[in-house]
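> This structure is in structure tokens; I'll ask about it shortly.
The values are calculated or read from the model by the stated rules, or taken from the named source; none is laboratory data. Predicted, not measured: the structure shown is a model, and the values here were computed from it. Every residue, glycine among them, receives a Cβ derived from its backbone with ideal geometry; neighbour counts consider all protein chains shown. Just so you know, the surface numbers come from the protein's heavy atoms only, side chains and all, with ligands and any DNA or RNA stripped out. Shrake-Rupley method; radii C 1.70, N 1.55, O 1.52, S 1.80 Å.
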Amino acid sequence: MEESRPGSESAAFAGKVGGRFWDVDVVRGIAMVLVATYHFVYDLDFLAGYPVNAVGMFWGNFADTSAFMFVFLAGLSLALSHQRARMKVGPEANLFPKYLRRGLRIFGYGMGITVVFWVLKAGVVIFGILHMLGVSIILAYPFLRRRWTNLFFGLSVVAAGAFIQADQNSFVLPGVWGFLLAPFGVFPAGVYMADYRALLPWFGVVLLGLFVGNTFYLRRRDVKPLGQAPRPMRPLAFVGRHTLFIYLIHQPILIALLWAFGVVNPSAL
């Protein structure tokens with residue numbers, strides 16, 4: 001049977017402050033710093049006109065790496081938050097409404113970013129990282145207590161996405177169908193998307209994070225008490241505990257700073 005055993009899960013969380021792992025928070029904070037760094041470079045390129053080529057080989061790979069960390073840790077955190085919820089309300093409680101609300105809320109934040117990009121004429125965001133995470137939280141609900149199933153389906157979804165990306169010319173559609181199928185990796189013809197993270201392959205990365213969370217955090221027997229992060233890492237742990245809020249506000253702050261220092265001309269916004 002693949003479900004997590006309540007006894008071992010409770011042992012893994014014994015002695016934890018709120019069931020958090022500071023090492024996860026620190027790595028999540030690092031991922032957020034990398035995401036903000038890329039967006040700073042993107043703003044210099046597309047808003048300030050600096051010749052940094054934010055979508056070139058190096059910065060394109062940088063963006064994918066930071067997004068991978070961000071999404072993988074979102075999946076791992078789902079495993080931990082699900083366990084905290086089960087310990088609070090009981091293992092047999094129906095938690096789907098909780099994750100449905102959370103997914104819709106994050107998807108709604110993504111739609112807000114879509115509107116902002118449209119108003120600023122900074123590109124089209126049909127299905128960005130927040131859209132993808134919101135939908136993935138809902139789709140992941142049947143997988144929250146699974147381990148090897150998540151590894152199998154996670155690798156399969158990543159492989160399907162890699163196949164689509166490797167032959168992207170065959171997965172381009174014009175008009176409304178390109179927009180409707182964009183969440184699945186079909187690229188709308190003639191549209192530049194400033195933020196695009198399709199379910200194929202990125203939902204697979206969420207499932208891989210769930211696999212690691214359920215296997216190496218909730219199942220391990222040698223879990224040390226949480227305590228506090230080492231002092232030098234506490235700022236990163238703080239960022240990691242508030243990544244969604246920081247993600248939502250960091251771009252307006254970056255643009256405002258570039259504007260204040262005269263790097264971005266207000267007419268460019």
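> Output the number of the condition that residue 144 fails; it satisfies all remaining conditions of (1) within 26 Å of residue 250 (Cβ to Cβ); (2) crowded, with 20+ Cβ neighbours inside 10 Å.
Only one criterion in (1) within 26 Å of residue 250 (Cβ to Cβ); (2) crowded, with 20+ Cβ neighbours inside 10 Å is unmet by residue 144, namely (1).
> Scan the stretch 179-202 for residues that are more than 21 Å from residue 60 (Cβ to Cβ), among the aliphatic types (A, V, I, L, M) and either assigned to a helix (DSSP H, G or I) or open to solvent by less than 30 Å² (accessible area, probe 1.4 Å) (or both) and report the count.
1
> Of all residues in the stretch 42-60, how many are in contact with a Phe, Trp or Tyr (Cβ under 7 Å, 6 or more places away or on another chain) and buried (at least 18 other Cβ atoms within 10 Å of the Cβ)?
Number of matching residues: 2.
> Only one residue in 138, 126 is part of a helix (DSSP H, G or I) and aliphatic (A, V, I, L, M). Which one? Full working, then the answer.
Values: 126 fails: part of a helix (DSSP H, G or I).
Selected residue: 138, the only one of 138, 126 that is part of a helix (DSSP H, G or I) and aliphatic (A, V, I, L, M).
> Using the structure shown, decide if residue 133 is more than 20 Å from residue 248 (Cβ to Cβ), surrounded by 13 or more Cβ atoms within 10 Å (Cβ to Cβ) and not acidic (Asp, Glu).
Working: more than 20 Å from residue 248 (Cβ to Cβ): no; surrounded by 13 or more Cβ atoms within 10 Å (Cβ to Cβ): yes; not acidic (Asp, Glu): yes.
No.
> Hey, can you tell me all the residues within the stretch 159-178 that are open to solvent by 90 Å² or more (accessible area, probe 1.4 Å), under 25 Å from the mean Cα position of the chain (by Cα) and either under 14 Å from residue 127 (Cβ atoms) or modelled with pLDDT of 90 or more (or both)?
If the condition is that a residue be open to solvent by 90 Å² or more (accessible area, probe 1.4 Å), under 25 Å from the mean Cα position of the chain (by Cα) and either under 14 Å from residue 127 (Cβ atoms) or modelled with pLDDT of 90 or more (or both), then 163 is the only one that fits.
> Output the number of residues of the stretch 61-92 satisfying the condition of being touching a Ser or Thr at 6+ places or on another chain (Cβ under 9 Å) and open to solvent by 60 Å² or more (accessible area, probe 1.4 Å).
Residues that pass the stated criteria total 1.
> OK, next. Only one of 33, 119 is among the hydrophobic types (A, V, I, L, M, F, W, C), open to solvent by 60 Å² or more (accessible area, probe 1.4 Å), within 30 Å of residue 260 (Cα to Cα) and within 16 Å of the chain's Cα centre (by Cα). Can you tell me which? Even if it seems obvious, please write down each step before you answer.
On the way: 119 fails: within 16 Å of the chain's Cα centre (by Cα).
Exactly one residue qualifies, and that residue is 33.
> Turning to a different aspect of this structure: Of the conditions (1) open to solvent by 20 Å² or more (accessible area, probe 1.4 Å); (2) at pLDDT 95 or above; (3) assigned to a helix (DSSP H, G or I); (4) closer than 18 Å to residue 130 by Cβ, residue 205 satisfies every one except a single condition; which number is it?
Exception for residue 205: condition (1).
> Let me ask something else about it. Are there any pairs, at least 6 apart or on different chains, whose C-beta atoms fall under 6 Å, with the first in the stretch 113-138 and within 20 Å of residue 98 (Cβ to Cβ) and of a type in the set (Lys, Arg) and the second at pLDDT 95 or above and not in a helix (DSSP H, G or I), and if so, which?
From the stretch 113-138, no pairs qualify.
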